[in-house]
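*Asks:* Take this structure, written in structure tokens, and hold onto it; I'll ask about it next.
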Amino acid sequence: MRKSCLILFAAAALVSANANAWGDLGHRVTALIAYRHLTPSARTTLDALLAGDSDTLTGPDFASRATWADKYRNAHRETAAWHFVDIEIDAPDMAAACFHFPALGGALAGAGPAKDCVVNKIDEFAAELTNATTPRAERLLALKFLIHFIGDLHQPLHAADHHDRGGNCVLLAALQGQATNLHAYWDVDVVEALGHSPEQIAEKLDAGLSGAEAKKGSGGRAADWAMESFEIARRDAYALHDLPTCRHRGAVALSADYAAQARKDAATQLLKAGLRMAAVLNQALGAS
Ligand SMILES: [Zn+2]
């Protein structure tokens with residue numbers, strides 16, 4: 001009895017931990033793709049930065065460090081809102097969703113206001129990482145937030161909302177995989193459907209990509225990526241007969257067509273996140 005309670009508790013903890021971001025699998029995939037596209041000098045600088053990190057929240061390797069910000073959030077709730085930008089699908093307003101892009105006023109980005117969004121934090125942490133005079137500890141923090149947040153922003157339900165906490169309040173009528181709500185379905189289930197390991201999924205998504213496609217896919221800035229994610233969410237993630245909200249709860253059934261489109265979107269978004277992460281890191285670390 002006690003053991004089964006513990007197992008249930010552990011399972012519930014796992015589901016809730018997964019309910020706020022691409023699961024660890026998605027973040028590992030984006031990091032592995034990014035690493036393949038780093039220049040030799042960016043790779044050397046990155047490896048040296050990570051080698052100086054003694055944090056035990058995750059493993060020390062780059063793919064594990066891409067999951068660090070989710071673990072850090074558990075004891076640092078002031079960073080929770082930095083993982084998403086809730087642009088409302090019925091009244092899109094990125095500035096409002098970003099709390100009007102609060103300025104740091106000289107503070108380090110890692111100590112910035114809790115009310116901020118993933119778009120602003122990506123820009124802030126990228127600037128800190130690029131600046132070689134940033135204090136070493138902050139530069140490492142900037143790197144770890146950045147390699148997580150670029151992934152998060154490419155999960156469509158991290159850039160869109162329908163008064164449902166980005167799909168967290170929308171229950172699934174039938175379990176597809178381990179997810180019980182729409183947000184977790186896009187975080188975890190669609191990624192798990194792409195392959196059996198992060199290495200294999202990264203290899204599959206990256207293989208066959210031409211140099212021109214990689215260059216084209218890696219362009220733009222965080223605000224552009226947010227709107228792209230938002231449009232995918234509006235078009236596909238919220239393509240449902242009913243749109244329950246946190247106030248008017250309900251469950252939705254996902255059709256086979258919906259699931260197929262979701263997997264296609266996830267594959268495209270994970271690849272773009274990886275390419276864009278590489279572009280940001282090459283720019284920030286390539287010359288230092
Ligand atoms: Zn996250």
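A quick yes/no check of all residues on (1) in contact with a Phe, Trp or Tyr (Cβ under 6 Å, 6 or more places away or on another chain); (2) in a helix (DSSP H, G or I); (3) closer than 22 Å to Ala262 by Cβ:
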residue: Asn120; (1), (2), (3): yes, yes, no
residue: Ala127; (1), (2), (3): no, yes, no
residue: Thr134; (1), (2), (3): no, no, no
residue: Arg139; (1), (2), (3): no, yes, no
residue: Leu146; (1), (2), (3): yes, yes, no
residue: Ile150; (1), (2), (3): no, yes, yes
residue: Asp187; (1), (2), (3): yes, yes, yes
residue: Leu194; (1), (2), (3): no, no, yes
residue: Ala202; (1), (2), (3): no, yes, yes
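*Asks:* Taking helices (runs of 4 or more DSSP H) that do not extend beyond the range 1-83, which have at least 2 residues that are basic (Lys, Arg) and either more than 23 Å from Asn181 (Cα to Cα) or at pLDDT 95 or above (or both)? Talk me through it step by step, then tell me what you get.
*Replies:* Values: elements: 2-18, 24-36, 40-51, 62-65, 68-75.
The helices (runs of 4 or more DSSP H) meeting that bar are 2-18, 24-36, 68-75.
*Asks:* So, in the range 241-288, how many residues would count as being within 19 Å of the chain's Cα centre (by Cα), surrounded by fewer than 18 Cβ atoms within 10 Å (Cβ to Cβ) and among the basic types (Lys, Arg)?
*Replies:* Residues that pass the stated criteria total 2.
*Asks:* Here is a list of conditions, (1) at positive phi; (2) of a type outside the set (Gly, Ala, Ser); (3) in contact with a strand residue (DSSP E or B) (Cβ under 8 Å, 6 or more places away or on another chain), and Arg165 meets all of them except one; can you say which number that is?
*Replies:* (3) is the only condition that Arg165 fails.
*Asks:* Checking the conditions here, which among Gly110, Gly52, Gly105 is in contact with an Asp or Glu (Cβ under 9 Å, 6 or more places away or on another chain) and more than 24 Å from Ser229 (Cα to Cα)? Show your work before the answer.
*Replies:* On the way: Gly52 fails: in contact with an Asp or Glu (Cβ under 9 Å, 6 or more places away or on another chain); Gly105 fails: in contact with an Asp or Glu (Cβ under 9 Å, 6 or more places away or on another chain).
Every option except Gly110 fails the conditions.
*Asks:* Are there any helices (runs of 4 or more DSSP H) wholly within the range 206-288 with 1 or more residues that are of a type in the set (Lys, Arg) and either under 19 Å from Ala34 (Cα atoms) or in contact with a strand residue (DSSP E or B) (Cβ under 9 Å, 6 or more places away or on another chain) (or both), and if so which?
*Replies:* Numbers: elements: 211-217, 222-232, 256-285.
Where helices (runs of 4 or more DSSP H) fall fully within the range 206-288 and carry at least 1 residues being of a type in the set (Lys, Arg) and either under 19 Å from Ala34 (Cα atoms) or in contact with a strand residue (DSSP E or B) (Cβ under 9 Å, 6 or more places away or on another chain) (or both), they are 211-217, 256-285.
*Asks:* Can I ask one more? What are the residues in the range 111-121 that are crowded, with 20+ Cβ neighbours inside 10 Å and either within 18 Å of Gly286 (Cα to Cα) or of a type in the set (Gly, Ala, Ser) (or both), if any?
*Replies:* Of the residues in the range 111-121, the ones crowded, with 20+ Cβ neighbours inside 10 Å are 112, 116-121.
Gly112, the sole residue that qualifies.
*Asks:* Now, a different point. On the given criteria, is Thr67 surrounded by 15 or more Cβ atoms within 10 Å (Cβ to Cβ), hydroxyl-bearing (Ser, Thr, Tyr), more than 14 Å from the ligand (Cβ to nearest atom) and touching a residue at least 24 places away in the same chain (Cβ under 8 Å)?
*Replies:* Working: surrounded by 15 or more Cβ atoms within 10 Å (Cβ to Cβ): yes; hydroxyl-bearing (Ser, Thr, Tyr): yes; more than 14 Å from the ligand (Cβ to nearest atom): no; touching a residue at least 24 places away in the same chain (Cβ under 8 Å): yes.
For Thr67, the condition - surrounded by 15 or more Cβ atoms within 10 Å (Cβ to Cβ), hydroxyl-bearing (Ser, Thr, Tyr), more than 14 Å from the ligand (Cβ to nearest atom) and touching a residue at least 24 places away in the same chain (Cβ under 8 Å) - is not met.
*Asks:* If you check His154 against the conditions, is it within 16 Å of the ligand (Cβ to nearest atom) and either under 18 Å from the mean Cα position of the chain (by Cα) or farther than 24 Å from Ser64 by Cβ (or both)?
*Replies:* yes
*Asks:* Quick check on my filter: what residues within the range 169-185 are under 18 Å from Ile232 (Cα atoms) and either without any contact (Cβ under 8 Å) to a residue 60 or more places away in the chain or within 13 Å of the ligand (Cβ to nearest atom) (or both)?
*Replies:* His183, Ala184 - these are the residues of the range 169-185 that are under 18 Å from Ile232 (Cα atoms) and either without any contact (Cβ under 8 Å) to a residue 60 or more places away in the chain or within 13 Å of the ligand (Cβ to nearest atom) (or both).
*Asks:* Going by the structure shown, is Val188 under 16 Å from the mean Cα position of the chain (by Cα), of a type in the set (Val, Ile, Thr) and over 21 Å from Leu49 (Cβ atoms)? Lay out the reasoning, then the answer.
*Replies:* Details: under 16 Å from the mean Cα position of the chain (by Cα): yes; of a type in the set (Val, Ile, Thr): yes; over 21 Å from Leu49 (Cβ atoms): yes.
The answer is yes for Val188.
*Asks:* A further question on this structure: I need a count of the residues in the range 78-115 that are free of Cβ contacts under 8 Å to residues at least 12 places away in the same chain and either within 14 Å of the ligand (Cβ to nearest atom) or not charged (D, E, K, R) (or both).
*Replies:* Keep residues of the range 78-115 that are free of Cβ contacts under 8 Å to residues at least 12 places away in the same chain, which gives 91, 93, 95-96, 100, 103, 105-107, 111.
Cutting the leftovers down to either within 14 Å of the ligand (Cβ to nearest atom) or not charged (D, E, K, R) (or both) gives us 91, 95-96, 100, 103, 105-107, 111.
Count: 9.
The values are calculated or read from the model by the stated rules, or taken from the named source; none is laboratory data. Computed from a predicted model, the values in this text were never measured in an experiment. In this analysis, Cβ positions are derived from the backbone assuming ideal geometry, glycine residues included, and neighbour counts consider all displayed protein chains.
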